[in-house]
Every structure is written in C-alpha cells, then in structure tokens.
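Student: Here it is, the structure in full.
The values are calculated or read from the model by the stated rules, or taken from the named source; none is laboratory data. This one's a predicted model, so the numbers in the text were calculated from it and none came from an experiment. Cβ: placed from backbone, ideal geometry, glycine included. Neighbour counts: every protein chain shown.
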Amino acid sequence: MHRVVCPGSFDPVTNGHLDIISRAAAMYDEVVVAVLINVTKQGLFTVDERVELLREVTSEYGNVKIDRFHGLLVDFCAANGITAVVKGLRAVSDFEYEMQMAQANYRMAKVETLFMTTSPQYSFLSSSLIKQIARFGGDLSGLVPEPVASRLRRRMTGA
Ligand code: PNS
C-alpha cells in the first residue's frame, strides 16, 4: 500500500494542483491532499472552505482523500502512514525552495519527496495569481475548476 501526500495551502485549489493530484492518484494507492492550517496567515478562504472545495473537485477520484494539518508535514506523514510527498514543479524558480524543504523532511524523518513537472499549460498558475484575476473580474475559465470559479466570483462581489 503506497500512500502519498500532496501538501499545500490550496487557497484556492487550481487546475495546476488538480493536474498533479490526478496524476499522483494514477500512480499510487492513495493520495492524501493535506491543507496546511496556518494560524499566522489569513487566507481568502477558510481551511474548511478549502477542504470543501477540494472534496468537491476531487470527488471523481476514489483514492484521493482530503485532510488538514498543522505543524510539521513529517509529523502528519508519520501519523498517517505516509512515506512520500508529491510536489509539482512549475519552473526552475520553484526548485530552490522545494529542494530545501525536501532535504529538511528527509533529514528529519526520512520522508521522500517526489517531484512531478506541472503540465505546461499550467506552469504560470498559482493561487495568488488566481486571486488577482478574480479580484479584477478577469476570466478564470480553464484555470480553476468551475466550483472554485463560482465561489471566487461570489466572494469578490460579496454576493
Ligand atoms: O501551497 P504552499 O503554501 O506552497 O505549501 C507549502 C507547504 C504547506 C507544503 C509547506 O509550507 C509545509 O510543508 N509546511 C509545514 C511545515 C513544514 O513541515 N515545513 C517543512 C520543513 S521545515
């Protein structure tokens, strides 16, 4: 049984995240998508909302579970029988930070990190960019799943 984790803030989940999650789901027995509870950083969506959106947009994958964690990712891995982290790499600029985290996680608990290159059509995407586009009424089609786009539109217009 190979259970891996895709960790992140997911504020909100984008099609770039979904690309990595779905490809990981095709490779491993179980993929746990773990939302970081960050008490020092206020997001646009609450952790409950992010989890709810992730559940909705991954419902077609029977082996994807959504969870949340705080503290160290390696402690979440130990508590949940997870031996590897799967992360997407969009560009070389992601690499330095990701390598540092991967090395720290291996050093602390022998948790491996496996990198997957993001599909090229999503290599520019990030949750912050999505929030900017949404804030100014830009077109989100193809960038986020429809439930996320409609939730963003409602949040931005206060409807
Ligand atoms: O989507 P993000 O914000 O880039 O995700 C970052 C995340 C959640 C993967 C990373 O910040 C994380 O793992 N945080 C938990 C603390 C931790 O274990 N840090 C790495 C070793 S010091």
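Student: Quick check, is V51 within 23 Å of P145 (Cβ to Cβ), in contact with a strand residue (DSSP E or B) (Cβ under 8 Å, 6 or more places away or on another chain) and part of a strand (DSSP E or B)?
Tutor: no
Student: Looking at V92, V74, V111, which one is over 30 Å from R154 (Cα atoms) and away from the ligand (no atom under 14 Å from the Cβ)?
Tutor: Of V92, V74, V111, the one residue that is over 30 Å from R154 (Cα atoms) and away from the ligand (no atom under 14 Å from the Cβ) is V92.
Student: Another question about this same structure. Can you tell me which residues in region 103-113 are under 27 Å from F45 (Cβ atoms) and in a helix (DSSP H, G or I)?
Tutor: N105
Student: Would you be able to tell me the number of residues in region 70-101 that are closer than 21 Å to A25 by Cβ and either within 16 Å of the chain's Cα centre (by Cα) or surrounded by 14 or more Cβ atoms within 10 Å (Cβ to Cβ) (or both)?
Tutor: 14
Student: Consider region 28-41. How many of its residues are in a strand (DSSP E or B) and either within 14 Å of the ligand (Cβ to nearest atom) or surrounded by fewer than 18 Cβ atoms within 10 Å (Cβ to Cβ) (or both)?
Tutor: 5
Student: Is there any pair with a first residue in region 23-38 that is of a type in the set (D, E) and a second that is surrounded by fewer than 14 Cβ atoms within 10 Å (Cβ to Cβ) whose Cβ atoms are under 7 Å apart and which are 6 or more apart or on different chains, and what are they?
Tutor: Listed by first residue and then by second, the contacts come to D29/M1; D29/H2.
Student: Ok, one more. Contact list please: Cβ distance under 6 Å, first residue in region 45-69 and within 17 Å of Y28 (Cβ to Cβ), second residue assigned to a helix (DSSP H, G or I) and modelled with pLDDT of 95 or more, pairs at least six apart or on different chains.
Tutor: So the pair list comes out as Y61/A25; N63/A25; V64/A25; I66/V51; I66/L54; I66/R55.
Residues checked against (1) in a helix (DSSP H, G or I); (2) closer than 19 Å to I130 by Cα; (3) touching a residue at least 12 places away in the same chain (Cβ under 8 Å); (4) hydrophobic (A, V, I, L, M, F, W, C):
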| residue | (1), (2), (3), (4) |
| --- | --- |
| G43 | no, yes, yes, no |
| F95 | yes, no, no, yes |
| M101 | yes, no, yes, yes |
| F115 | no, no, yes, yes |
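Student: Further, regarding this structure: Take region 8-20 and flag every residue that is surrounded by fewer than 21 Cβ atoms within 10 Å (Cβ to Cβ), under 11 Å from G88 (Cα atoms) and within 13 Å of the ligand (Cβ to nearest atom).
Tutor: G8
Student: I would also like to ask the following. Can you tell which of L143, L125 is part of a loop (DSSP other than H, G, I, E, B), within 13 Å of the ligand (Cβ to nearest atom) and within 18 Å of the chain's Cα centre (by Cα)?
Tutor: L125
Student: Among the numbered criteria (1) small (G, A, S); (2) within 11 Å of the ligand (Cβ to nearest atom); (3) closer than 27 Å to P147 by Cα; (4) out of contact with any helix residue (DSSP H, G or I) (no Cβ under 6 Å at 6 or more places or on another chain), which one does A25 miss?
Tutor: The number of the failed condition is (2).
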